[in-house]
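Every number here is computed from the coordinates shown, using simple stated rules; none is lab data. The model shown is predicted, which means the values in this text are computed figures rather than measured ones. When we count neighbours, we look across all protein chains shown, and the Cβ atoms used for this are built from the backbone with ideal geometry, even at glycine.
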Amino acid sequence: METAHTDPVEPAWAGLAEQAELVASGTVSSAVLVELALRRADQVQPALGAFRVIRHEAARAEAAEADRRVAAGERRPLLGVPVAIKDDTDLAGETTPFGCDGDCVPKTEDGEVVRRLRAAGAVIVGKTTSSELGQWPNGETAAFGITRNPWDASRTPGGSSAGSAVAVAAGVVPAALGSDGAGSVRIPAAWTGLVGLKPQRGRISSWPDTDPFFGITCNGPLARSVDDVALLLDTLTGNHRDDRYRLAPADVPFREAARREPRGLRIALSFRTPYFVDEILDPEIRAAVERMADALAGLGHRVFRAEPDYGLVGLSFLPRATAGSARALKGIPNPRPEPATVVEVRLGRALGGPVLRTARGLEPHYRRKVGRIFERADVVLTPTTASMPLPVGALDGLGWWARGQIVSASCPYCFVWNTLGWPALDVPAGLSRSGWPIGAQLLGRESDEATLLSLAAQLESVDRWTERRPPFPS
């Protein structure tokens, strides 16, 4: 089922860094790259539904301006390169419904991440689909339709950064921006064969939302290669003056860190879920992660079984997640939410106030408790998901509780690092017998994206996952 390509990479499938080099050298114009991206977006949209908005005229105008800047000798990291952003991100002139039906009006100002993309010279070709308010690991909404997986259109790509993952996996753009509140970058990366990073909280600005989902959500990049994820992270790193969470700059650029070969790391292989139920893990996923552990051992790292002590970490997560949904819905003018969202929002309102404050106050305790694993290990290796990609419609007609049961069983491994704010990286771990991508998760200690990226780049050099492409669409 795997499709590998070894001939020279055509411009549409070149990575983020390679496309930037093609434009800078004059080999390919931004106008050509952006036109290829727009045509590809139009081609895949009816079948896969990756975009809520495709910016045909605006992107063409921005590409023409990028070519003028290149001709004038200007150099920027992403000058003229097409990218996509998730629909929870403010883009001047476009609405931000975040998957929810309502009477949204166009934004008058870019969010900080968009400002940084523009400063780097990127051309934003569109806004990508999400589940409603980012609650579920899919891209299916009553308001904006269904997003499908390019590896198998009967399956979801995961979510909530569903459209961003599809836009990259299907070859529309070389990289895209997502957001991650419980795995919403890592889950779709796993189910579409991509690299997806949830960075350290505060690494990338969330402005104008200064405290997204009460500290559990952050923006993160998706791409086919580690180098491209690192390049996009370097581009986006930094804060708005009003951000609640602010970090000192990294010691070295992340792209440079990704190119440093790691040596002799201690890697804890863990299959325990925070729910203390391990039997839900698909055997093919377990085998794929074990093969990755063997590969890491072969690269000279010490890999051993060890389990983080999660305790009842969900007590710190659930009030923040549901109260975050309630606050997000308040930002939608005259919203018309789905029934499950209504329940989520009611619960969030009930758990606000003292319960929410208590939940946030528990975070230092769980950082100490879970963080003890780093006394023995430098990185924790886990599955990204417990199941293969869910069928499209798997959550249709289900109430909030029933949906939550399915989600907890299929995607239990990601939310803890959101609760703690630490970096986590999904990398491809191969394909199943049915041809579906499998992801593995590298979990790091506080502010240590550099180690995760360098380790992932080392894995990529032996696994060559960037050569895999989905069989559909051709």
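Hey, fewest Cβ within 10 Å first, where do 310, 413 land in order? Walk me through the numbers on the way to the answer.
Working: 310 19, 413 28.
Ranking 310, 413 by Cβ neighbours within 10 Å, fewest first, gives 310, 413.
Fewest first, what order do 56, 365 take by the number of other Cβ atoms within 10 Å?
365, 56
Given the Cα-Cα distance of residue 350 and residue 39 and 0.36 nm per residue of separation, how much length would full extension add, in nm? Don't jump to the answer; show the numbers that get you there.
Details: separation 311, 0.36 × 311 = 111.96 nm, distance 4.67 nm.
Using 0.36 nm per residue and subtracting the Cα-Cα distance, I get 107.3 nm.
Assuming R0 = 22 Å, can you tell me the calculated FRET efficiency for the pair residue 315 and residue 280, based on Cβ-Cβ distance, to the nearest 0.05?
Taking R0 as 22 Å, the efficiency between residue 315 and residue 280 is 0.60.
Take the Cα of residue 295, step 7 Å along the line toward its Cβ, and report every residue of region 369-411 whose backbone nitrogen sits under 19 Å from that point.
Only 379-389 fall inside the zone, counting backbone N under 19 Å.
Have a look at 214, 163, 236 and report the one farthest towards the positive end of the charge dipole of region 3-469, computed about the Cα centre with Cβ charges (Lys/Arg +1, Asp/Glu -1).
Checking the options against the dipole of region 3-469, the answer is 214.
Take residue 401 and residue 25, extend 7 Å from each Cα along the Cα→Cβ direction, and tell me the distance between the two endpoints in nm.
Using points 7 Å along Cα→Cβ, the separation is 6.1 nm.
Which lysines does residue 107 reach when only Cα atoms under 20 Å apart count, and residues fewer than 8 places away in its own chain are ignored?
86, 127, 330
Reachable lysines from residue 369, Cα under 28 Å, same-chain residues fewer than 8 places away excluded?
Within the straight-line limit of under 28 Å, residue 369 reaches these lysines: 198.
State to the nearest 20 debye the size of the charge dipole of the chain about its Cα centre, where the only charges are +1 on K and R beta carbons and -1 on D and E beta carbons.
For this selection, approximately 1020 debye.
Would you order 325, 434 from fewest to most other beta-carbon atoms within 10 Å of each residue's own beta-carbon?
Details: 325 25, 434 12.
Fewest to most other Cβ atoms nearby, the residues stand as 434, 325.
Where the centre of each part is set by its Cα atoms, how far does region 105-124 sit from region 46-81, in angstrom?
So the two Cα centres are separated by 12 Å.
Give the distance, in whole Å, between the Cα centre of region 149-202 and the Cα centre of region 225-267.
Cα centroid to Cα centroid, the span is 19 Å.
For residue 269, which sequence-distant residues (separation of 5 or more, or a different chain) have an amide H within less than 5 Å of its own amide H, given hydrogens modelled in the peptide plane?
Close amide H contacts, sequence-distant or interchain: 304, 305, 306, 381.
Counting only DSSP beta bridges with both residues in the chain, tell me the antiparallel percent, nearest 5.
Numbers: 33 of 49 bridges.
Looking only at bridges with both residues in the chain, the antiparallel portion is about 65 percent.
Post the alpha-carbon centroid distance, region 298-318 to region 362-439, in whole angstrom.
Spelled out, the Cα-based centre of one part sits 11 Å from the other.
Taking θ = phi - 60°, what integer Hz values does the Karplus form 6.51 cos²θ - 1.76 cosθ + 1.60 yield along region 301-318, in sequence order, with x for Gly and Pro?
Per-residue couplings from phi come out as 8, 8, 10, 8, 6, 7, 10, x, 8, 6, x, 9, 5, x, 5, 8, 8, 4 Hz.
Let me have the relative contact order for the chain, percent, based on Cα pairs under 8 Å that are six or more residues apart.
Taking the mean separation of contacting Cα pairs over the length of the chain, I get 19 percent.
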